[in-house]
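Notes follow once the structure below has been shown.
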Ligand SMILES: Nc1nc2c(c(=O)[nH]1)N[C@H]1C(S)=C(S)[C@@H](COP(=O)(O)O)O[C@H]1N2
Ligand SMILES: [Mo]
């Protein structure tokens, strides 16, 4: 009696291809550059001995990459069929094969430059698809095989099982293909905006001018200027808004004399200002790293507000982003002549990265991001705090959100071991818009002693600090505090980030050894 043997590899093939398609769909939808198959192909190139690779490349001319991708897919197809055959006898072996394949794909993705955990989403989606589809397809086969031996109706059953399997295979294969097309469609917007962003030439944007002496040269301390790549990212967007400059407008309305709708060109035409500004998140805990310092270029908000004529009874601007996020910003901070609040179009000399608000976002020195730094900004409504609520204030966070003084120890690291004797310590301190005048450290609860400060171009940026301490062998605790330009000493009172920012002093424990 013939058993439906050949149907098992078929099931494996369908499951395998469905997994590849779904993983491709996720990569395309999220515009993840390192999709599993190309990542594996690129890894193959990397691990191939140079002479072999060269011969192959010369042989294949410029088709080496497509050739490799095709090879990876073909080899995968064979593997998928084998896995399907295996699943007949040993289900765990099939599962183990999927785990190994997924692990290889994950490793390939992670070895590419600049990849992170989210880049593994396509691999995870593919893995789940493999398991689910293989189970769904082999279930009728398993049932059929169980009865085929014992019953007269074997051939009829076999035929109906084959039919069932083909139908299911088509359904799953079709669904996976549809998902792949859908993923590509979803990702299209982002790819287009990415393209328009890379073509954008902003005449008024200058390269970051690195101030002399801002980095004081402590080993292990991150740079005073934060690259856009390393800059923290916080927002509520699940799908990042993708807006081309041509599609962007800003509407300024509310308590104004003349409502204004600005296009991107109108905005740029008003002339760009640039400044170093440190931005931080209200959710940053003491010692945390939700803070970064960048060179921003944009248009001064106070001149736009002067243009529209703000009514004297207004005290807030309700900002709305393309994805419907809102925040209420104190009008006084936006009109303050000593503080260059801007509609930023560039970060570190380049058009804003999409994740940081392309094409236009707000930057206001001295306010936490949640009350000011609207990314993908679309609307300014001049209004009164008493008349509005915004995204985070509805959820219990403070209304106005001025930043609080903070200082952080980066060197030595918490829990590290250093050589006893003279030990270098260092970190950052900030109170944007007011500025830091001094930083002090205390070793093991001893007296506060001043350390050196790096130079800063203005009061709106953080400052690096560094010192050298004489440290005896043993366990130690180091604490830090800052003093602002008004002589105010940073408070040691511990407060949670909710509702309006953490307070308390950063402290680290370390060990000195001879
Ligand atoms: N559209 C939009 N803008 C937003 C947010 C958001 O959720 N949506 N989050 C804000 C918060 S809480 C912070 S701290 C900053 C972070 O900006 P970044 O991601 O560029 O570092 O963006 C602000 N702007
Ligand atoms: Mo934030």
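The values are calculated or read from the model by the stated rules, or taken from the named source; none is laboratory data. Quantities reported herein were computed from a predicted structural model and do not represent experimental measurements. Glycine gets a Cβ as well: all are built from the backbone with ideal geometry, and neighbour counts include every protein chain shown.
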Checklist entry - What pairs can you find where one residue is in the range 231-258 and closer than 30 Å to residue 312 by Cβ, the other is within 16 Å of ligand 2 (Cβ to nearest atom), and their Cβ atoms are less than 7 Å apart, with a gap of 6+ or different chains? => result 250/377
Next on the checklist: For the range 186-197, give me the residue count where each residue is over 16 Å from residue 376 (Cβ atoms) and touching a residue at least 12 places away in the same chain (Cβ under 8 Å).
Outcome noted: 3
Next on the checklist: Looking only at the range 73-86, filter to residues that are surrounded by fewer than 19 Cβ atoms within 10 Å (Cβ to Cβ) and more than 13 Å from residue 15 (Cα to Cα); which one of those is modelled with the lowest pLDDT?
Outcome noted: 73
Checklist entry - Given (1) part of a loop (DSSP other than H, G, I, E, B); (2) surrounded by fewer than 18 Cβ atoms within 10 Å (Cβ to Cβ), where does residue 365 come up short, assuming only one miss? => result (2)
Next on the checklist: Among the numbered criteria (1) away from ligand 2 (no atom under 16 Å from the Cβ); (2) on the phi < 0 side of the Ramachandran plot; (3) surrounded by fewer than 18 Cβ atoms within 10 Å (Cβ to Cβ); (4) in a loop (DSSP other than H, G, I, E, B), which one does residue 220 miss?
Outcome noted: (2)
Checklist outcome for this item: If we ask which residues in the range 351-363 are within 15 Å of residue 292 (Cβ to Cβ), within 16 Å of ligand 2 (Cβ to nearest atom) and in contact with a strand residue (DSSP E or B) (Cβ under 9 Å, 6 or more places away or on another chain), their number turns out to be 4
Next on the checklist: For the structure I just gave you, tell me whether residue 318 is within 30 Å of residue 492 (Cα to Cα), assigned to a strand (DSSP E or B) and not assigned by TED's automatic domain parsing to the domain that holds residue 414.
Outcome noted: no
Checklist entry - Quick check: anything in the range 394-405 farther than 30 Å from residue 323 by Cα and in contact with a strand residue (DSSP E or B) (Cβ under 6 Å, 6 or more places away or on another chain)? => result yes
Checklist entry - When the range 334-355 is examined, which residues are found to be buried (at least 23 other Cβ atoms within 10 Å of the Cβ), outside any strand (DSSP E or B) and within 10 Å of ligand 1 (Cβ to nearest atom)? => result 352
Item to check | Among the candidates 447, 437, 386, residue that is part of a strand (DSSP E or B) and either farther than 15 Å from residue 280 by Cβ or in contact with a strand residue (DSSP E or B) (Cβ under 6 Å, 6 or more places away or on another chain) (or both) | outcome: 437
Checklist entry - residue 171: surrounded by fewer than 18 Cβ atoms within 10 Å (Cβ to Cβ) and part of a helix (DSSP H, G or I), yes or no? => result yes
Next on the checklist: If I filter the range 400-420 for residues that are within 16 Å of ligand 1 (Cβ to nearest atom), over 27 Å from residue 248 (Cα atoms), touching a residue at least 60 places away in the same chain (Cβ under 8 Å) and surrounded by fewer than 16 Cβ atoms within 10 Å (Cβ to Cβ), do I get at least one hit?
Outcome noted: no
Checklist entry - Which pairs have Cβ atoms under 9 Å, sit 6 or more apart or on different chains, and link a residue in the range 360-382 that is closer than 18 Å to residue 460 by Cα to one that is within 9 Å of ligand 1 (Cβ to nearest atom) and assigned to a helix (DSSP H, G or I)? => result 364/371
